[in-house]
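What follows is a short report on a single structure.
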Amino acid sequence: MTPEAPWLLLTFSLPKKRASQRVEVWRKLRRYGSVPLGNSGYLLPNNLITQEHFEWLATAIRKYGGYASVLKIESIDNLSTPRLVGRFAEARSREYQELIRDLQKLSAIPPHRRSFGRVGRLRARFREIAEVDFFNSPLQKRVEQLLARLDTARSPAKETTNINPRNYLGRIWVTRPRPGIDRSASAWLIRRYIDKKARFAFAQEEHVPREAVPFDMFHAGGFGHRGEDCSFETLQKAFRIRDARVARIGQAIHDVDLLDDKFGRKEGFGVDAVLKGWAQQRIPDHKLLERGIQLIDALYQSLSAK
């Protein structure tokens, strides 16, 4: 079998009158982690996700009245593979360095004066960069350390004590739109161990209903990242859930969500990839969350109780 070409190249042109669409395309290219290749187009490593990104964008460009092609590239005559990899490394390095500067500025502010929303936005930005860090920049670990310090400083251990589970029955649990693996696993944990009739809703950080219980959000009284724990681990500890399989799922969610390889568990990465694929299909938030809950339940059933 002939191996897949290692690179994808998107070439396109848009009519001059399509200025707003041009900006939209540029923003998508940046979000996808692509790098410009002179006047030839934009480059990405070739995999199923990047193929889908470029094909989707090419379709959008054609709808705007432009021209677009996605090419599979074996090699580029005047650019060796190390030089191409270097371009991606430089791009991610610039993004990580900008994020590091913002985190350092935030770290200089006393914990009680820090904006939870600001921390949440920086963490979200880190996840966006890490998702397209195709060649594993060493700066990724530096950002993880800074985020962990911020979480530790703002999340004293007393937040997880004195939880009365009865106070969380019949409540609406709210999280951010487009649920990923930590939110899906947390919803599974809530419905299985905390409230079998739990209802879920979605809101931006600044629009959380007063009576709702936030999870995987940066809200006082909610259940989000604390110290080195992901939201799933926070809930597991707060509600004192003692189940060996839940503990192993928590380790898997931690490793894929925080990308620190703390437990060396790989099960979560496949689940995460499936969720991301569904998210790209524009599945509604509630349906995406329910599918995620089903995936986590299947993972739970597959694990030995020992």
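Peptides 30-43, 277-290 ranked from most to least packed give 30-43, 277-290, packing being the mean of other C-beta atoms within 10 angstrom over each peptide's residues. Taking every DSSP bridge with both residues inside the chain, close to 70 percent are antiparallel.
Carbon-plus-sulfur accessible fraction, the chain (probe radius 1.4 Å, protein heavy atoms only): 52%.
With a cut-off of 8 Å between alpha carbons and a minimum separation of six or more residues, what is the relative contact order of the chain in percent? In percent, rounded to a whole number, it is 15.
Computed across the stretch 1-66, the Kirkwood radius stands at 12.4 Å (inverse of mean 1/r, all Cα pairs). Taking a ≥ b ≥ c as the square roots of the eigenvalues of the alpha carbon gyration tensor, the stretch 14-102 is oblate, as a/c is not under 1.5 and a/b does not beat b/c. Take each peptide in 133-139, 238-244, 251-257, count the other Cβ atoms within 10 Å of every residue, and average; sorted highest first, the result is 251-257, 133-139, 238-244. Restriction of the GluC sites (Glu not before Pro) in the stretch 1-108 to DSSP coil positions whose beta-carbon has at most 14 other beta-carbons within 10 angstrom yields Glu4, Glu74. Taking only Cα atoms and a 10 Å spring cutoff, compute GNM fluctuations for the chain and point out the largest among Thr50, Thr234, Thr59. So, out of Thr50, Thr234, Thr59, the one fluctuating most is Thr59.
How much mean residue ellipticity at 222 nm does the chain get from its helices, if each DSSP H run of length 4 or more adds -39500 (n - 2.57) and you divide by all residues, to the nearest 500 deg cm²/dmol? Per the formula, -16500 deg cm²/dmol. Where the alpha-carbon atoms of the stretch 164-303 are placed on the principal axes, they occupy 38, 36, 27 Å, in descending order. At 15 Å minimum axial length over the Cα atoms and a Kyte-Doolittle cut of -1.0, report the qualifying DSSP H helices in the chain, or say none. Both cut-offs are met by 48-63, 81-107, 116-131, 139-154, 244-258, 267-280, 285-302.
In this entry, the stretch 1-149 is assigned a mean projected area of 11.1 nm², taken as a quarter of its C-alpha convex hull surface.
Average accessible surface for the stretch 172-302: 44 Å² per residue, computed with a 1.4 Å probe over protein heavy atoms with every protein chain in place.
Translational diffusion of the chain was estimated from the Stokes-Einstein equation, with Rh taken as the Kirkwood radius over Cα pairs; at 10 °C and 1.306 mPa s the coefficient is 75 µm²/s. In the stretch 64-122, inverting the average of 1/r over every pair of distinct C-alpha atoms gives 15.5 Å as the Kirkwood radius. Spin-label pair Leu169-Lys16: with each label point 7 Å from Cα along the Cα-Cβ axis, the two points sit 7.0 nm from one another. On a per residue basis, the stretch 1-111 carries 61 Å² of accessible surface, using protein heavy atoms and a 1.4 Å probe. Within the stretch 46-87, the percentage of alpha carbon pairs spaced more than 12 angstrom apart rounds to 68%. With a Förster radius of 25 Å, plug the Cβ-Cβ distance of Ser107 and Arg178 into 1/(1 + (r/R0)^6) and report the FRET value to the nearest 0.05. Efficiency for this residue pair is about 0.35.
The values are calculated or read from the model by the stated rules, or taken from the named source; none is laboratory data. On a predicted model such as this, the values are computed, not experimentally measured, just so you know. Cβ: placed from backbone, ideal geometry, glycine included. Neighbour counts: every protein chain shown. The area values use the complete protein model at the heavy-atom level, side chains included, leaving out ligands, DNA and RNA. Shrake-Rupley method; radii C 1.70, N 1.55, O 1.52, S 1.80 Å.
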